[in-house]
1. For region 36-47, what does the Karplus curve 6.51 cos²θ - 1.76 cosθ + 1.60, with θ = phi - 60°, yield as ³J(HN,Hα) per residue in whole Hz, taken in order and with x for Gly and Pro?
2. PRO26: net charge of surrounding residues, Cβ under 14 Å, Lys/Arg +1, Asp/Glu -1, itself excluded?
3. Which parts of region 20-34 would a label at GLU101 reach, counting a residue when its backbone N lies under 17 Å from a point 7 Å out along Cα-to-Cβ?
4. Sorted by average packing, counted as other Cβ atoms within 10 angstrom per residue and highest first, what order do 24-32, 51-59 take?
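Only the coordinates and a few stated rules stand behind these numbers; no lab work does. All of these numbers come straight from a predicted model, not from anything done at the bench. Counting neighbours? That spans all protein chains shown, and the Cβs are built from the backbone with ideal geometry, glycine included.
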Amino acid sequence: MKTMVTGLTAILALSACAKQPEDIRPQEVSAANYQFLSCEEMAVEAKRINASLEGAEDDRRTGAFVDNFFGAGGLLPMSRVLDDSVRRVGSLKGQQIAIREAWDARNCQV
């Protein structure tokens with residue numbers, strides 16, 4: 001029983017270490033990257049970024065699960081070895097903010 005409690009405690013502690021998508025901060029991306037686009041082009045690019053972010057967040061959730069699973073066995077956080085989903089989510093979140101700023105600066109309408 002004591003071993004089971006210790007194991008559950010270790011799993012809970014490790015799960016706190018794995019970064020979930022909502023915990024990842026956006027990277028800084030300049031709105032100037034998008035200011036040359038027309039409003040229509042920005043709308044298309046925003047949809048692409050949103051779809052990519054959704055996929056990257058799914059990848060990160062899977063990576064967090066893998067980290068927790070293998071971390072419980074005392075191994076390396078495997079998702080950090082196998083992919084860069086944390087960096088990708090942060091970059092896409094930054095792009096999302098930057099395109100929104102460019103959209104607002106050009107007074108684009110929905």
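1. These are the phi-based 3J(HN,Hα) values: 7, 7, 6, 4, 5, 5, 5, 4, 5, 5, 4, 5 Hz.
2. Numbers: positive: LYS19, ARG25, ARG60, ARG87, ARG88, LYS93, ARG100; negative: GLU22, ASP23, GLU28, GLU57, GLU101.
So the environment of PRO26 carries a net charge of +2.
3. From region 20-34, the list is 25-34.
4. Going by the mean number of other Cβ atoms within 10 Å, highest first, we get 51-59, 24-32.
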